[in-house]
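Written below as structure tokens is the structure these notes are about.
The values are calculated or read from the model by the stated rules, or taken from the named source; none is laboratory data. No experiment lies behind these values; they were computed from the predicted model shown. Cβ atoms come from the backbone with ideal geometry, glycine included; neighbour counts cover every protein chain shown.
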Amino acid sequence: MADIELKHHDVGAGEPTVVLIHGFSSGPEDWAAQAEHLSARHRVISVALRGHGISDRGAAPMSMEQLATDCLEILSYKGITNAILAGHSMGTRVAIEAHRQAPDVVEGLILMDGSNATSQSDVGSALAGFESTVAELGYAGFAKMLFAQMFYDAKHDALKERYIERALKVPEDVGTPLYKNLITWDGTVTSDALQAAKIPILVVQSTTRDAKGGRRALEPGEIGAYESFVLKHAAHADVVGMPGLGHYTMIEAPAEVNQAIDAWLDQQSLR
């Protein structure tokens, strides 16, 4: 990157390279179990997105477009010409946007418990809702409310508190423009970007969102809002539901997630 050095972990060997992209106010450690597992057969790069954790914010805009460009610049610097991008939550957008920017490099997408802020609304209403919440609670209050919805089982209460604390370390001047861009990107880019993605796509989903943005665990057999949205625009996508879990699917069910990814990679002849 011209303005910062994007921190990342680079382990393992084997093609294609798998790039693990974390979510909003989160970190690469969320993918630790997958990085360890996949590195036995693939080169695996786990990034800390700009403005998060050990990566600087820099002067560039906090946007899905910039975060995707950052990830692609790592691949270019390392001479990697074919990669599978796995994104969690906000990272699903970054992965899709990276394919939009470099379809010749990205040959597969893994979308882990994604969402779309405008699938049941419009950009203006979603932005107004965010701004109203921040005006009422402050940015820290918004972040606490958001991350309080991430885990449902009491056995994860300590982890939930750690993740709330982690989210609060992301500065407001990072989180606010990034979340606003996330909403705008959802409403103006996602549909066309998914329609253009004629590559293998795996959706692994454990939660769904209601019209007001509230998150809950999927019920057994349920097809939630995000899977329906992806399939509407990319009917060839493979969907694996993991009901009864919170938002950090790959942390709560690492073995099941690893198995789903392995099966998909083999099925799509991506290894």
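Here is how the numbers come out for the structure above:
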quantity	calculated
Unique match (being closer than 19 Å to Ala237 by Cβ, in contact with a strand residue (DSSP E or B) (Cβ under 9 Å, 6 or more places away or on another chain), at pLDDT below 95 and hydroxyl-bearing (Ser, Thr, Tyr)) among Ser55, Ser89, Ser119	Ser119
Hits in segment 239-256 - residues which are surrounded by 15 or more Cβ atoms within 10 Å (Cβ to Cβ) and either touching a Lys or Arg at 6+ places or on another chain (Cβ under 7 Å) or more than 20 Å from Gln149 (Cβ to Cβ) (or both)	Val239, Val240, His247, Pro254, Glu256
Subset of segment 21-58 [more than 21 Å from Asn181 (Cα to Cα), β-branched (Val, Ile, Thr) and surrounded by 17 or more Cβ atoms within 10 Å (Cβ to Cβ)]	Val44, Ile45
Members of segment 44-79 that are hydrophobic (A, V, I, L, M, F, W, C) and under 14 Å from the mean Cα position of the chain (by Cα)	Val47, Ala48, Leu49, Met64, Leu67, Ala68, Cys71
Failed criterion for Pro61 (all others in (1) crowded, with 22+ Cβ neighbours inside 10 Å; (2) at pLDDT below 95 hold)	(1)
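So that you can scan it fast, the table gives a plain yes or no per residue for (1) aliphatic (A, V, I, L, M); (2) surrounded by 21 or more Cβ atoms within 10 Å (Cβ to Cβ):
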| site | (1), (2) |
| --- | --- |
| Gln101 | no, no |
| Leu111 | yes, yes |
| Ser119 | no, no |
| Leu127 | yes, no |
| Glu131 | no, no |
| Gly141 | no, no |
| Phe147 | no, yes |
| Phe151 | no, yes |
